[in-house]
Amino acid sequence: MVGFIRFADNLSAWFGKAFAWLIVLMSVGTGYEVVMRYIFNSPTAWALDVSFIMYGTLFMMGGAYTLSRGGHVRGDFIYRLWEPRNQARVDLVLYILFFFPGVTALIFAGWKYAARSWSYGEVSVNSPAGVPIYQFKTVIVAAGILLFIQGMAQVCRCILAMRTNEWLAADEDVFETEDLLMQKAAEAEKDAHP
C-alpha cells in the first residue's frame, strides 16, 4: 500500500509541477498583451482566451497534487481534534460516498465533452481569433484520471491510519514563506547563543 501511495504522490507531484510552468507562460502572455494594448495601441485577439485556457488547465491539472499534499479547503474545526483513526474513518466514508462518484462522473462526462469537441474542431467563440480549444477539453479527462488515482492513494492512507492511528505524510516539497523565515530566525538565534 505504501508503494502505491508513493507512486500516486509522485505522479501527482510530477504533473502538478510540470503544469505549474503555465504560470510563467500566462505572465508572459499577459505582459505581452499589456504592452501591445497600452503602448502600441494594438490589442491581441487571442490573449484573453489563451490566459483562460492556461489558467483552467493549471487549475485542473494541479488538483491531484493539491489532494496529495492535503491542500484542499476543508472545514476541520472539529475534525482536527479527533485522533487520526477516527479522521480516517470519516475520510474513507466521504471518499466512497462523494469523491469517487464525482470524479467518475467527471471522467465520463469529460470524455463525452472532449470527444464531441474534437469531432468538430471546436474553437473559442469569445474572440475573433477563433482559438482552438478542443485539445484543452481533454484536460478534463486527464485531470479526472489523476484525481481518481490520487483518491485511491488517499483511501490507502485512510486504511493505514485506521490500522496505525497515524497519517502517512506526503513528502514536503512546498513550504510557507513564514515557516522558512521562522526557521531561519530560529537558526540565527541558535547560532548567536550557542
About the Cα centre of the chain, what is the dipole size in debye to 20, counting +1 per Lys and Arg Cβ and -1 per Asp and Glu Cβ, all else neutral? 780
Mind checking which lysines have their C-alpha under 16 Å from K137, skipping anything on the same chain fewer than 8 residues away? K112
What the 10 Å binned alpha carbon P(r) of region 1-79 shows, as percent of pairs per bin from 0, is 17, 32, 25, 16, 8, 2
Please build a GNM for the chain, connecting alpha carbons under 10 Å apart, and tell me which residue among L94, L58, L106 fluctuates the most. L94
What residue among T44, T104, T177 shows peak mean-square fluctuation when the chain is described by a Gaussian network model with Cα springs under 10 Å? T177
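Find the percent of Cα-Cα distances in the chain that exceed 29 Å, and round it to a whole number.
43
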Could you list which residues have their amide H under 5 Å from that of V123, counting only those 5 or more apart in sequence or on another chain, with H placed in the peptide plane? I133
Between M152, G121, V131, whose Cα lies farthest towards the positive end of the dipole of region 46-194 when Lys and Arg beta carbons carry +1 and Asp and Glu beta carbons carry -1, centred on the Cα centre? G121
Given the Cα atoms of region 56-133, and with Rh set as the inverse mean 1/r over their pairs in the Kirkwood sense, what is Rg to Rh to two decimals? 1.16
What order do you get for F4, F40 when you list them from fewest to most C-beta neighbours inside 10 Å? F40, F4
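Over region 117-192, consider all pairs of different Cα atoms and compute the Kirkwood hydrodynamic radius from their mean reciprocal separation; express it in Å, one decimal.
For region 117-192, inverting the mean 1/r across all distinct Cα pairs yields 17.5 Å.
The numbers here are math on the coordinates, done by the rules we state, and not lab data. If you're wondering where the values come from, they're calculated on a predicted model, not measured in any experiment. Ideal geometry is used to build each Cβ from the backbone, glycine not excepted, and the neighbour counts take in all protein chains shown.
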